[in-house]
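The values are calculated or read from the model by the stated rules, or taken from the named source; none is laboratory data. Everything numeric here is computed off the predicted structure, so don't read it as measured data. Here the Cβ is made from the backbone with ideal geometry for all residues, glycine too, and neighbour counts use every protein chain on show. Surface areas here come from the heavy atoms of the whole protein model, side chains and all, with no ligands, DNA or RNA. Shrake-Rupley method; radii C 1.70, N 1.55, O 1.52, S 1.80 Å.
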Amino acid sequence: MLLSVIILNYNVRYFLELCLISVQKAIEGIDAEIIVVDNNSVDDSCAMVLQRFSTVKLIQNKSNEGFPKGNNIGVDQASGEYVCILNPDTVVAEDTFLKILEFANQKDHLGIVGCKLIDGAGGFLPESKRGVPTPFVAFTKIAGLYKLFPKSKMLGKYYANHLQEEQTGKVDVLVGAFMLLKRKLYLELGGFDEACFMYSDDIDLSYMALKAGYNNFYFGATTVIHYKGESTHKDGLYMKRFSEAMHFFYKKHFSKAKSIFRIKECLFAVFMKIGVSVFTAYKTLQGNSLFQKTKKMISPKYILFTNDQSLLQKMERSLQKKVKFHDLKTEKMLLSSMVKEETNVEIILDNEFISFKDCIAIQESAKKEGFNQRITFKIKPKATDFLIGSNNSTSRGEVVKMT
């Protein structure tokens, strides 16, 4: 078998269903399997998988084993030459695995391959490619200096700014939402370290691959949606976990050089205190923003992209609002002609008639054309009765059940 896709799930039943639909399309024509490891979800995730996805191998843990151990359990049961660690709140394009496997097969000393990730509004997620988080590099991230000085090589190392979004090249660290590597290498490295704190497991595995002499790559020629909001809500707990993750990483990999390690620890403590102060001030200003408060109160205007006229009434009944019908049989999918000067528009993409690749491309084009501040998106997955999406990289996502 060529590929095993490992999806670790915990209480995201609808995101998981969307993910599985996209993955099933993406592995058509590939000798591949899908393994879902469920960390004792209390929603009906497992029932949904058993009912709808009979070819998916489901492993039901009796407790929440965490990200590292949960994925290790999945890889242990995998048969593929390659494994792909994939978050359940992702959407892959139909050709994602074909492209990335072709790329991987051409590389010697291949470590881990990641790809371009965007949020639910089409915005690029910079964690798609990263550098080794030394104390200073970690500080530039937590203090947001990479945003203030986007062209600075020194301040852009955390997010590997030497590569553009569309480029492909070597990087140090990939994100755990999408990591493709040979199963043999995963086992050689020992998999994810089960002692890892949250936010350090993918950094640790990437660095282990580098230390073992392998090359990690960011592959910019395919795009995956990562809704991600639930696990990355930026609050005090996030800051605490990030700090713990960095301390874990430094202790594991740099503590042998004791004097240098102590200096690094001291530097990190100082940088974190400064970073937390900057972060807190920024979040306070953001939270007090009248624009943000007003924006949330405005009800969106809905546009349905579909070939199915009968779906319109069902949408209007579920949303309890007028929905504009964009007939794909007669009209092109041009955002500029649809939105014009309107603000706060939500576009619903019917996956029955629009491929996942096109759904992703539409959301990316909204960002590139500057519409992403005025447009949000939801996808109606094929053969489902719900809409799903997320308006940005920090919101927790939304599911609308249709009646």
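For Asp308 and Glu398 in one chain, what is 0.36 nm times their gap in residues minus the Cα-Cα distance, to one decimal in nm?
30.1 nm
Is the shape of segment 5-45 rounded, prolate or oblate, going by the alpha carbon gyration tensor and its root eigenvalues a ≥ b ≥ c, with a/c under 1.5 for rounded and a/b larger than b/c for prolate?
Verdict is oblate for segment 5-45.
Given +1 on the Cβ of Lys and Arg, -1 on the Cβ of Asp and Glu, and no further charges, what dipole in debye does segment 157-229 carry about its Cα centre, rounded to the nearest 20?
With only Lys, Arg, Asp and Glu charged at Cβ, the dipole is about 220 debye.
Around Ile73, with a cut-off of 13 angstrom between Cβ atoms, what is the net charge of the other residues, counting Lys and Arg +1 and Asp and Glu -1?
Local charge sum for Ile73: -1.
How much length would be gained if the chain were fully extended between Arg52 and Phe386, taking 0.36 nm per residue of separation minus their Cα-Cα distance, in nm to one decimal?
Roughly 118.8 nm would be gained on extension.
Give, in nm to one decimal, the length gained when the segment between His253 and Ser63 is fully stretched (0.36 nm per residue of separation minus the Cα-Cα distance).
Value of the extension gain: 65.4 nm.
Towards the positive end of the charge dipole of segment 1-121, with charges on Cβ (+1 Lys, Arg; -1 Asp, Glu), say which of Leu86, Asn39, Leu117 has the farthest Cα.
Working it through, the farthest residue towards the positive pole turns out to be Asn39.
Could you tell me whether segment 144-184 comes out rounded, prolate or oblate from its Cα gyration tensor? Rule is a ≥ b ≥ c as square roots of the eigenvalues, rounded for a/c under 1.5, then prolate if a/b exceeds b/c, otherwise oblate.
Judged from the Cα gyration tensor, segment 144-184 comes out prolate (a/c at least 1.5, a/b above b/c).
Ignoring ligands, DNA and RNA, what percent of the accessible area of segment 128-170 is carbon or sulfur (1.4 Å)?
In segment 128-170, the share of accessible area belonging to carbon and sulfur is 60 percent.
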